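First up is the structure itself, then whatever we jot down about it.
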Amino acid sequence: MNKLTLSVLLVLTIVLTACGTPGAEPAPIDTMVPTASSGNEPTAIVSNTQPVPTEAATLAPTEAAMPAGVSFSNDVLPIFQSRCSSCHSGEQARKGLSLMSYESIMAGSTGGAVIIPGDANGSLLVQLVSGGQMPKQGPKLTPEQIQIIIDWIMAGALNN
């Protein structure tokens, strides 16, 4: 990751943290557009903000860019097990959300669905991890891990 990308991610995190209200839902990510500079870099447009280019903002890959073979059991579940299990497993799972099985993930939390198959932008889980709000404890997910989750959701969030 280059210095510009890290700087943009840091600024984005600070802005989102400063503008957020404790307990409030994160602002939805509205759309993806190419930047004017190169036409190839994704840009996330977050409600009430200017476009911010970032590698982590690749929320809606095109059909051609979508990798084949993202597997829930081989690619996605290990991320949840390693980064989310301390708070989102077992009977005491926070907000009623267990991320330890396909069925429990798709059941959602006490607030409703966290995954909308085919719609990474509308999936609360993606909004929280890409915005740096989750996980609250331990290291944040890497851009690569976030992209795996996004690709899985965009491919239909299959139990494969």
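Which distance in nm do the two modelled labels at residue 142 and residue 81 give, with both placed 7 Å along the Cα-to-Cβ direction?
Computed distance between label sites residue 142 and residue 81 equals 1.8 nm.
May I ask for the net charge around residue 78, where only other residues with Cβ less than 15 Å from the Cβ of residue 78 are counted and Lys, Arg are +1 while Asp, Glu are -1?
Net of charged neighbours comes to -2.
Could you state the accessible area per residue of the range 79-160 in Å², with a 1.4 Å probe and every protein chain left in place?
For the range 79-160, the per-residue accessible area is 47 Å².
Would you kindly state how much longer the chain becomes between residue 74 and residue 119 on full extension, computed as 0.36 nm times their sequence separation minus their alpha carbon distance, in nm to one decimal?
Result for the pair: 14.1 nm of gain on full extension.
The values are calculated or read from the model by the stated rules, or taken from the named source; none is laboratory data. Predicted model only: the values in this text are computed from it and were never measured. Glycine also receives a Cβ, built like all others from the backbone with ideal geometry; neighbour counts cover every protein chain displayed. Note: accessible area is taken over every heavy atom of the protein model, side chains too, but ligands, DNA and RNA are not part of it. Shrake-Rupley method; radii C 1.70, N 1.55, O 1.52, S 1.80 Å.
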